[in-house]
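What follows is a short report on a single structure.
The values are calculated or read from the model by the stated rules, or taken from the named source; none is laboratory data. Predicted model only: the values in this text are computed from it and were never measured. Quick reminder, even Gly has a Cβ in these numbers, built from the backbone with ideal geometry, and neighbours come from all protein chains shown.
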Amino acid sequence: MTDHPVQLENITKRYGAFTAVKDLTFSVAKGEIYGFLGPNGAGKTTTLRMMLDIVRPSEGRICVLGSNSAISVRRRIGYLPEERGLYRKMKAAQSIAYFAQLRGLSGRDAKKKAYALLEEFGLEDFARSKNEALSKGMAQKVQLLATIAHEPELLILDEPFSGLDPINQQTLEKLIADQRASGRTIIFSTHVMQHAERLCDRFLIIAEGEKRFEGTLSEARARYGQRLHVRSTAPAAAFEVLPGVEAVRLERNGGEESDYRIELADGADPQDFLRQAVAAGIVLTRFEQAGATLHDIFVDLAGDEASAPAHDQERAFARGAEAAE
Amino acid sequence: MKQVLLIALREYKQYVLSRGFLIFLLMFPVSLVAVTAAMGLVERNKPVRAFVVYDETGQYADDIDREIERRYRFGAIRAWDDYVGAAVADGAEALPEPFAPAQVNDARLKAFEAAGGFEAARQAAAPLLREGAPDFELPRQQFERVKTDALLQGVTSLEDAEEVLRPYLLGERDVMRAEGATTPLFAAVMVPRDFGEGDEAAAAQYWSRNLTDNALEDLVGNALTSALKRQAIADMGLSEEALDDVAAISAPFNSYRPDRAAEDAQLSLKDRVETGLPAALTYMLLVIIFGVGNLLLTNTIEERSNKIVEILLSSVTAEQLMMGKLIGIAAVGLTMPAIFLFGGLAASATISSAGDSFMGAAIGTLFGSPLLLIYLFYFFCAYAIFAMIFLAIGAVSNSLQDAQSYMGPVMILVFAPLPFMIMVFQNPNGFIATLLTWIPIYTPYAVMMRAAADPPLWEVLGATALMLAFAALLARFMGRIFRNAILQASPPKAREVWRLARREGV
């Protein structure tokens, strides 16, 4: 196995005439947290399912933990799908142990691990409760524990934060960080940028099934240049003529003073801008330097698709079945 | 394989260890015992049905009384047979002949009474009774003819009698029994002056508001018929005893099978059981297939609608998931009959000796012939065919409501052979039997039904091969539907299902 437990090369997935994923290539390094970002219906879940060999790609090559099919290495993978569920009549500890057993643990070890995890996450009192009696947050925790109980090398989490309250989101963030600290590779998909910004070493932005960006947050910011927030009595035109200024956007018109967002060209120095402004007699009452946020980058790259209705992929899946004929 | 077994075990435990299943298992024998006890209790506590006879001829009331007494004695001997069947430790057959359980007829009744009646029977059985066995109690009389002297005083015609008796028959007034208690009048029998045999004679009348309990009606009819026969015999110059002797004659009659050597050819209870048991098993097969099919359906819908299936599919393949479910639910389907079968065996072993009894014959047939193996083989074949269909329906449905549109045609398919099964049973090598044998989805039922009739081997083998090929093809198509549809968030439309069946994989 290489240092990249997950490698996808030129992956395409078509459902009849509809292409859900187009020529996607990326790899995930061992021990990193890799964010898989995209709007609803961008192809995230389809790609994750292809990684797990639940869905077969139409074209391209996938290598997971050194194998061409995740089926043969399933015991080394933990997967938490976006739409999660538990058997209603099963008890919490039984559920964790059952899925751990399916992923290779012996009955005794699975049971032991289930109780240990429930204790670690403060759910020991609910170990013998039926899943139908658990709150939504508790049930989600149980599902997550079932994903990690067999101590997988690779964790694939599809929208793990969805439906969790802020406290449980924090717990999950910590769990993901802990998993990485113990050497695991983690891929998680999300469209909540704050989590990705806080957790991911690298991320990939996908929209309409196509890769729009792959890299670190600094790389993304560098690509999007410097951004300044200034407050001044001067009109926008006064800034537009300064060297290195690419765009000026009025953020707030305060009557006497206005707030502007200044986009600088690649390589332009904010200090040069400040000097030029002072030399031009512009009075600045605010000068703030800021890089592009992941949210800005995401909106910019995903564009209109970011606000597209949910489950396009699913509809395409059904449509594809028809179109395949 | 471990994953398949884990899934099968979970499916099995989910149903077999469920409270509902355990309660059912417990309740079934308990309710059987309760129903039997209740029936006994009802029989023992049945109120004596009082009736009156208005006989313008003055001849037939005694005949009716005699028939009541005769039937009571028959009932008493049957009760005796049941008693010794349960109370005698080493088999009631050890008792001397009139007291050992046997067919109850006039001849036995005569022999029973000639041997000393119930007093002698009790003495004969005493050394053979189980420890703690209760004493034998004679059953209660069911009918009592109420004297009409006071009731119908002054009545001179059937019409008057009818007028007088109507309020009693409608329950507005009670009659007085011999012991002094009052009771509602159950029925009235009226025998007209010109009652007798022949077209010219008037008919006797039976009046009662109770149209469902026809025991008394039947008894009175028999009594009057016997009386007319007696008169006819007397007219011919013969005695009444001669008529009784003639009535007690029962022709010795045996049935034989031509496919057996002479010494084994006589038809026995075992042969009857061997013929009837496959039919019973076939109906059981139908019920089980329907039952477990529904389990599979609801279970798959639950996994699909609760979104468990994707987690499962990240741990096992779709094929392993299907196989695990099929094995688990098949085991559920076999558990219930197995429990009842072995429970029945255990019960029969403790209650009575196997000997020549029905249970003994059933046990001998089931375990002493290939019937059980044939049953298991065709159970799995029928199960494989229908389970795959139910599984596929579950995979394309998010709710039972979604499944309903598919279930209608499937139910017709499952139960379509039901009306024809009686024809197959009566003519196991006839056209309908042959036709059903060659329709793959009905092959298991038809072959099971014909198992005791030695159908042509080539036909059984050919139809079975066709059925297996069909099952494999069906499994392929239904498996594709399962794989392709199970992960779809919204269930496919009915017209898309065929397309899913043709696609190799998602």
In region A:265-274, anything of a type in the set (D, E, K, R) and surrounded by fewer than 12 Cβ atoms within 10 Å (Cβ to Cβ) is listed as A:Asp266, A:Asp269
Looking at region A:119-149, which of its residues are within 18 Å of A:Pro81 (Cβ to Cβ) and out of contact with any helix residue (DSSP H, G or I) (no Cβ under 9 Å at 6 or more places or on another chain)? A:Lys136
Given the criteria within 14 Å of chain A (Cβ to nearest Cβ) and in contact with a helix residue (DSSP H, G or I) (Cβ under 8 Å, 6 or more places away or on another chain), does B:Leu25 qualify? no
Need a quick list: helices (runs of 4 or more DSSP H) entirely within region B:415-506 having at least 2 residues that are within 14 Å of another protein chain (Cβ to nearest Cβ) and more than 29 Å from A:Arg84 (Cβ to Cβ). B:494-502
Scan (1) part of a helix (DSSP H, G or I); (2) modelled with pLDDT of 85 or more; (3) over 20 Å from B:Gly58 (Cα atoms); (4) of a type outside the set (A, V, I, L, M, F, W, C) for the single condition B:Glu241 breaks and write down its number. (2)
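Taking the criterion of being closer than 30 Å to A:Glu132 by Cα and in the same structural domain as A:Gln140 (by TED's automatic domain parsing), would at least one residue in region A:68-75 satisfy it?
Of all residues in region A:68-75, those closer than 30 Å to A:Glu132 by Cα come to A:74-75.
Next, only the ones that are in the same structural domain as A:Gln140 (by TED's automatic domain parsing) stay: A:74-75.
Yes, region A:68-75 contains at least one residue that is closer than 30 Å to A:Glu132 by Cα and in the same structural domain as A:Gln140 (by TED's automatic domain parsing).
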Tell me yes or no: at least one residue of region B:114-121 is closer than 30 Å to B:Ala202 by Cβ and not in a helix (DSSP H, G or I). no
Could you run through region B:155-174 and say how many residues are within 39 Å of the chain's Cα centre (by Cα) and either under 16 Å from B:Val53 (Cβ atoms) or of a type in the set (Gly, Ala, Ser) (or both)? 3
Find the residue count for region A:61-73, including only residues that are within 8 Å of chain B (Cβ to nearest Cβ) and in contact (Cβ under 8 Å) with a residue 60 or more places away in the chain. 0
Considering region A:106-118 alone, what residues qualify as being touching a helix residue (DSSP H, G or I) at 6+ places or on another chain (Cβ under 8 Å) and either facing chain B (nearest Cβ under 10 Å) or of a type outside the set (D, E, K, R) (or both)? A:Gly107, A:Ala110, A:Ala114, A:Tyr115, A:Leu117, A:Leu118
Quick one: count up the residues across region A:181-217 that are of a type outside the set (D, E, K, R) and assigned to a strand (DSSP E or B). 13
Looking only at region B:287-343, and only at residues there that are of a type in the set (S, T, N, Q) and outside any helix (DSSP H, G or I), the one that is farthest from the other protein chains (Cβ to nearest Cβ): B:Thr317
Members of region B:184-229 found to be among the polar types (S, T, N, Q) and outside any strand (DSSP E or B), listed by number: B:Ser208, B:Asn210, B:Thr212, B:Asn214, B:Asn222, B:Thr225, B:Ser226
What's the total number of residues in region A:44-60 that are assigned to a loop (DSSP other than H, G, I, E, B) and either under 11 Å from A:Glu210 (Cα atoms) or within 10 Å of chain B (Cβ to nearest Cβ) (or both)? 5
Being out of contact with any Phe, Trp or Tyr (no Cβ under 8 Å at 6 or more places or on another chain) and in contact (Cβ under 8 Å) with a residue 60 or more places away in the chain narrows it down to one residue among B:Arg140, B:Arg173, B:Arg130; which is it? B:Arg140
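Results for (1) part of a loop (DSSP other than H, G, I, E, B); (2) more than 11 Å from chain B (Cβ to nearest Cβ), shown as yes or no for each residue.
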| residue | (1), (2) |
| --- | --- |
| A:Arg14 | no, yes |
| A:Val21 | no, yes |
| A:Gly31 | yes, yes |
| A:Ala42 | yes, yes |
| A:Arg75 | no, no |
| A:Gly78 | no, no |
| A:Glu83 | yes, no |
| A:Ser95 | no, no |
| A:Gly104 | yes, no |
Quick check: anything in region A:39-56 touching a residue at least 40 places away in the same chain (Cβ under 8 Å), assigned by TED's automatic domain parsing to the domain that holds A:Gln143 and closer than 20 Å to B:Lys2 by Cβ? yes
Residues B:Ala76, B:Ala34, B:Ala38, B:Ala8: which one is more than 14 Å from chain A (Cβ to nearest Cβ) and at pLDDT 90 or above? B:Ala76
Show the residue pairs that are 6+ apart or on different chains and have beta-carbon atoms under 6 Å apart, the first residue being within region B:493-506 and within 18 Å of B:Ala403 (Cα to Cα), the second being at pLDDT 75 or above and surrounded by fewer than 19 Cβ atoms within 10 Å (Cβ to Cβ). B:Ala501/B:Phe477
